[in-house]
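Notes for the one structure printed next.
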Amino acid sequence: MDFDRYIEKNVKAGDLLEQLLITDLTVEGQGVARYGKQVVFLDQGLPGALVCALATRIAKGVIHARVERQVAPSPHEISPWCPHFGECGACMWQHLSADAALEWKHVHVRQTLARIGRLPDVPVEAVLASPMQKGFRNKMSYVFAEDPAGKPLLGLRHPKGHTVVEVERCALQDPVAMQILSFVRKEVEGLGLRALRPEVSAAGKKQPRGYLRFLVIRTPLMRDSDGSRQIVVECISGAAHDSPAANGKSNIEALHTLGRSLNTHFSCSFVHSERRDKADVAQGEKNIFVSGRDSFRESFGNVILSVPYNAFLQTNTRSAEMLYQLVEREANLRGGDVLWDIYCGIGSAGFCAIRDGVGLHGFELQAASVKAARQNASALGLANCFFHAGDVYGTLAARDIPRPDVIIVDPPRAGLSHGVREHLLNSRARRLLY
């Protein structure tokens, strides 16, 4: 009897799979093993570990399983330093040694190019480590929710559901962020503010109830000239501003009371924005109220930039600095060159790459970022810089813009649209940095 074919046909949900050797790791943090000739995707586990797992479902000939017991650990396993590891949905490789994590990221780049891009022979350089292992994030977004008794919760989502883990000691962001998080939890409960949640009305339609959606804490590394922090706290709410909070005030009055308390206790700026779109994204659509500054400054080497509270910025400032140094080196710009910086945000990559005699054209959808990019160019004393607001493809197709010698692209996760790709292929630029 062919044992491999036998188990391939007979494994079913609920079966215990013993002595699985994990040999691979997915980008989502799943361990990968084989049972006979079948691939097994495990909910966790590191390469080199030996585990027993319970099959949970069989789909398209692949077994999905949950690790029940570790027989032998991976040689690369270390003790995670966060008490919330495995609960909050972040830091999925915190139990993997730093050297092994860098190597696996390198493997994933090669595998992606080979399997999806069908480019197996592309040389891939070593992954560069972050200069800071802790306290490196200049931004973190948290979500509001409620427990079954209606008590407000504020934290990060569990990786396997919509429950919220109330993180107390996240070491990725500045410790003051944890103080702010704890303070907001207590104040929200005292002010009678509720998390936004869908409820079924009498007509059977889901109607939103409550108010609060997200809390975004910005803690840039750069300080003011007097040494003080430039902390910006943004609270994103729904649209029920005039509905009553539990303490008798309207929702908006209670929320702005929270903002004033944050100003007093943490000397931080406070922004209230509104989001009506149902998508679970911590990005406000409309500015309601600002107390203090609505922007901050951050430095990347000798380049100091002003950043609006709602603009995109790489969350690891020191790693971004390394990235922009690579961009400058690889762009290898010459006097008289034209640089296109597509999806430029506030202009950070382009500003770090250009030199005297180079013309810069930046393209960005978000109007606030374009405004900031123009202000940054003026503050840096850069005259030959032009920034174009609007849909990138529409801008490239409609405007008479000098052809580029070098192109930088930093698109959103969806990547470059078909139209933008075609435009870049026809640009005749000598270099493109993605």
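The values are calculated or read from the model by the stated rules, or taken from the named source; none is laboratory data. The model shown is predicted, which means the values in this text are computed figures rather than measured ones. All Cβ positions, glycine included, derive from the backbone under ideal geometry; neighbour counts span all protein chains shown. Only protein heavy atoms, including side chains, enter the accessible area calculation; ligands, DNA and RNA are left aside. Shrake-Rupley method; radii C 1.70, N 1.55, O 1.52, S 1.80 Å.
The criterion of at least 3 residues that are open to solvent by less than 80 Å² (accessible area, probe 1.4 Å) and of a type in the set (Gly, Ala, Ser) is met by the following helices (runs of 4 or more DSSP H) wholly inside the range 311-424: 317-331, 348-353, 367-379. When the range 74-107 is filtered for residues that are of a type in the set (Val, Ile, Thr) and open to solvent by less than 40 Å² (accessible area, probe 1.4 Å), only Val107 remains. Evaluated against (1) farther than 30 Å from Phe136 by Cβ; (2) out of contact with any strand residue (DSSP E or B) (no Cβ under 6 Å at 6 or more places or on another chain); (3) open to solvent by 50 Å² or more (accessible area, probe 1.4 Å), Tyr35 falls short on exactly one condition, (2). Filtering the range 281-311 down to residues that are touching a Phe, Trp or Tyr at 6+ places or on another chain (Cβ under 9 Å) and among the charged types (D, E, K, R), which residue is nearest to Ala145 (Cα to Cα)? Filtering first and then ranking leaves Asp294.
Only one of the numbered conditions (1) touching a strand residue (DSSP E or B) at 6+ places or on another chain (Cβ under 9 Å); (2) not in a strand (DSSP E or B) is not met by Pro148, and that is (1).
When each of Lys139, Lys134 is tested for being at negative phi, at pLDDT below 95 and of a type in the set (Lys, Arg), the lone residue that passes is Lys134.
Table: residues versus (1) part of a loop (DSSP other than H, G, I, E, B); (2) in contact with a His (Cβ under 8 Å, 6 or more places away or on another chain); (3) surrounded by fewer than 12 Cβ atoms within 10 Å (Cβ to Cβ).
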{"residue": "Ala114", "(1), (2), (3)": "no, no, no"}
{"residue": "Arg118", "(1), (2), (3)": "yes, no, yes"}
{"residue": "Val127", "(1), (2), (3)": "yes, yes, no"}
{"residue": "Val216", "(1), (2), (3)": "no, no, no"}
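Of the residues contained in the range 16-33, one or more are found to be at pLDDT 95 or above, under 15 Å from Gly61 (Cα atoms), in a strand (DSSP E or B) and not β-branched (Val, Ile, Thr).
Yes or no, residue by residue, for (1) under 16 Å from Val176 (Cβ atoms); (2) touching a Pro at 6+ places or on another chain (Cβ under 7 Å); (3) touching a residue at least 12 places away in the same chain (Cβ under 8 Å):
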| site | (1), (2), (3) |
| --- | --- |
| Ser228 | yes, no, yes |
| Ile231 | yes, no, yes |
| His241 | no, no, yes |
| Leu255 | no, no, yes |
| Phe270 | yes, no, yes |
| Arg276 | no, no, yes |
| Glu285 | no, no, yes |
| Val290 | no, no, yes |
| Phe296 | yes, yes, yes |
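Within the set Leu172, Leu193, Leu156, Leu181, the sole residue that is touching a Gly at 6+ places or on another chain (Cβ under 9 Å) and free of Cβ contacts under 8 Å to residues at least 40 places away in the same chain turns out to be Leu181. Among residues that are within 30 Å of Phe136 (Cα to Cα) and touching a residue at least 40 places away in the same chain (Cβ under 8 Å), Val370 is not included. Exactly one residue among Pro131, Pro175, Pro120, Pro148 is farther than 23 Å from Ser97 by Cα and touching a helix residue (DSSP H, G or I) at 6+ places or on another chain (Cβ under 7 Å), and that residue is Pro120.
Total residues in the range 231-253 satisfying the condition of being within 14 Å of Phe270 (Cα to Cα) and buried (at least 21 other Cβ atoms within 10 Å of the Cβ): the figure is 7. Within the range 170-207, being modelled with pLDDT under 90 and open to solvent by 50 Å² or more (accessible area, probe 1.4 Å) holds for Arg197, Pro198, Glu199, Val200, Ala202, Ala203, Gly204, Lys205, Lys206, Gln207.
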